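Here is the structure we will look at.
The values are calculated or read from the model by the stated rules, or taken from the named source; none is laboratory data. The structure presented is a predicted model; accordingly, all values stated were derived computationally and were not measured. Cβ sites come from the backbone with ideal geometry, for glycine too, and all protein chains shown count toward neighbours. The area values use the complete protein model at the heavy-atom level, side chains included, leaving out ligands, DNA and RNA. Shrake-Rupley method; radii C 1.70, N 1.55, O 1.52, S 1.80 Å.
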Amino acid sequence: MGTDEPDLSLFRPVYAPKDFLEVLINLRNPNYENGDSLSFRTHLGLIQVPLKVKDIPELKEFFVELGLTTGQLGIDDSTQVPPELFENEHVRIGHKVLAEQDSAAAQQYIRQGSPTALRAELWALILNISSQPEDVLYYEQLKTNVIQHDLLVDSLIYKDVKLTASNDDYYFVFEDYLYQVLLCFSRDTSVLGHFAYNSASPPKSYIRGKLGIEEYAVFYPPNGVIPFHGFSMYVAPLCFLYHEPSKLYQIFREMYVRFFFRLHSISSHPSGIVSLCLLFETLLQTYLPQLFYHLREIGAQPLRISFKWMVRAFSGYLATDQLLLLWDRILGYNSLEILAVLAAAVFAFRAVNLMEVTSLAAAEAVLADLSTLKVMPLLQIFLFATVT
């Protein structure tokens with residue numbers, strides 16, 4: 001599927017994260033009077049929709065397993081810590097969880113991180129993916145659809161892979177896997193089921209010559225999802241875990257309909273992108289006010305820098321081992337809120353340098369490379385050590 005590449009010179013992505021951010025900035029609640037709530041009037045960030053988001057005490061309670069007294073893969077498996085103190089026992093319990101095939105136990109277990117050797121099986125258990133013969137057959141049928149029918153959206157997928165994953169030091173080797181997953185994903189009408197709990201609606205088209213006649217309306221693309229710039233980066237990290245295309249496809253599809261769709265659709269859900277942006281801005285404004293006001297004054301609103309990280313769930317920004325540790329916790333807590341917490345923690349970690357910048361470009365330069373960051377120490381320090 002990766003060899004039949006069209007001429008992409010005339011194609012560009014439908015939209016990029018920065019375009020989507022402009023939409024979110026202009027969101028307003030028509031039922032909301034500015035005079036109603038003094039507390040929200042003091043919110044000086046870009047997001048102007050008054051949604052309820054967690055504060056640090058509530059986040060500490062929610063992410064209690066990330067506390068300083070609990071063992072964590074990503075911290076306690078470092079070379080300085082003897083493996084018999086935590087790692088060996090954690091791996092032993094992991095094998096036991098897999099032997100029991102208990103999805104709820106796996107979800108609880110993975111909150112402390114997944115051992116690299118067990119991660120693929122644990123994620124499949126949590127997502128209830130078992131790779132039955134009928135699942136493989138369904139994937140093969142989708143592949144046949146791709147080969148038989150060209151869609152305009154195929155060119156958008158090819159273009160996105162070329163612009164993102166193909167230029168990434170970690171993921172360029174998986175280019176062919178990405179085509180095998182994303183081209184099939186665009187044909188998969190079962191994905192339409194997630195619109196039952198998504199505030200968005202799938203785009204409609206009409207059969208030629210029947211424009212406006214409802215009974216001739218069809219969803220286009222067939223899965224109802226138009227890929228944007230960076231969409232392929234949702235799949236790329238999974239290629240490290242799953243080498244069999246049909247299994248990789250099932251895992252990605254389930255990750256998308258559970259989590260990733262929330263990162264590019266507007267809703268009031270706590271894991272929705274609007275709430276994540278507001279949580280990020282609220283954390284910074286409340287707990288790092290000097291930094292927040294400084295960046296705001298120089299025209300470098302923090303959300304303009306961190307938004308692309310959150311929309312992509314940090315894929316392509318963190319080193320892959322760190323990204324997978326972060327995604328462990330997304331699955332473990334069944335929540336994307338940890339993305340906003342990590343974004344705020346990155347700003348806290350680089351606060352000294354950021355206080356010295358005088359422009360948006362300089363602030364972006366300070367935060368341009370996140371590939372050396374260690375996710376779990378950052379999260380622990382931000383949630384449990386520095387903020388009171």
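About the Cα centre, and with charges only on the beta carbon of Lys, Arg (+1) and Asp, Glu (-1), how big is the dipole of the chain? Nearest 20 debye, please.
Numbers: 29 positive and 42 negative charges, 187 e Å.
With Lys and Arg at +1 and Asp and Glu at -1, about 900 debye.
Can you list the HN-Hα couplings for segment 61-69, worked out from phi with the Karplus curve (6.51, -1.76, 1.60; θ = phi - 60°), rounded to whole Hz and with x for Gly and Pro?
The phi angles translate into 5, 5, 9, 4, 6, 8, x, 5, 8 Hz.
Considering only Tyr216, Tyr138, Cys239, whose Cα is most displaced toward the positive end of the charge dipole of segment 133-263, charges sitting on Cβ of Lys, Arg (+1) and Asp, Glu (-1)?
Going by the Cα projections, it comes out as Tyr216.
Provide the per-residue ³J(HN,Hα) series for segment 134-145, in order, calculated from phi with Karplus coefficients 6.51, -1.76, 1.60 and θ = phi - 60°, each as a whole number of Hz, with x at glycine and proline positions.
Coupling constants for segment 134-145: 5, 5, 5, 4, 4, 4, 4, 5, 4, 4, 4, 4 Hz.
Would you mind getting the accessible area per residue of segment 247-388, heavy atoms of the protein chains only, 1.4 Å probe, in Å²?
Numbers: 4280 Å² over 142 residues.
Result: 30 Å² per residue.
On average, how much accessible surface per residue is there in segment 64-161, in Å², for a 1.4 Å probe, leaving out ligands, DNA and RNA? Each step should come with its number before you reach the end.
Numbers: 5250 Å² over 98 residues.
Value returned for segment 64-161: 54 Å² of accessible area per residue.
Check Phe219: other-chain or 5+ apart residues with amide H under 5 Å from its amide H, H built from backbone geometry?
Under 5 Å from the amide H of Phe219 lie the amide H atoms of Ser205, each far enough along the sequence or on another chain.
Which three lengths, in whole Å and largest first, does the chain cover when its Cα atoms are put on their principal axes?
61, 56, 37
Mind checking the dipole of segment 133-263: about its Cα centre, +1 per Lys or Arg Cβ, -1 per Asp or Glu Cβ, Debye to the nearest 20? Please report the intermediate quantities before stating the final value.
On the way: 11 positive and 15 negative charges, 85 e Å.
About 400 debye.
Got a sec to turn the phi values of segment 229-238 into Karplus ³J(HN,Hα) couplings, 6.51 cos²θ - 1.76 cosθ + 1.60 with θ = phi - 60°, whole Hz, x for Gly and Pro?
In residue order, the calculated couplings are 5, x, 4, 5, 6, 5, 8, 3, x, 5 Hz.
What residue among Phe349, Phe292, Ile75 has its Cα farthest toward the positive end of the dipole of the chain, where the charges are +1 on Lys, Arg and -1 on Asp, Glu, each on the Cβ?
It is Phe292, whose Cα lies furthest towards the positive end.
Which residue, Leu323, Leu367, Leu137, tops the fluctuation ranking in a GNM of the chain built on C-alpha contacts under 10 Å?
Maximum fluctuation in the GNM of the chain, among the listed residues, is at Leu137.
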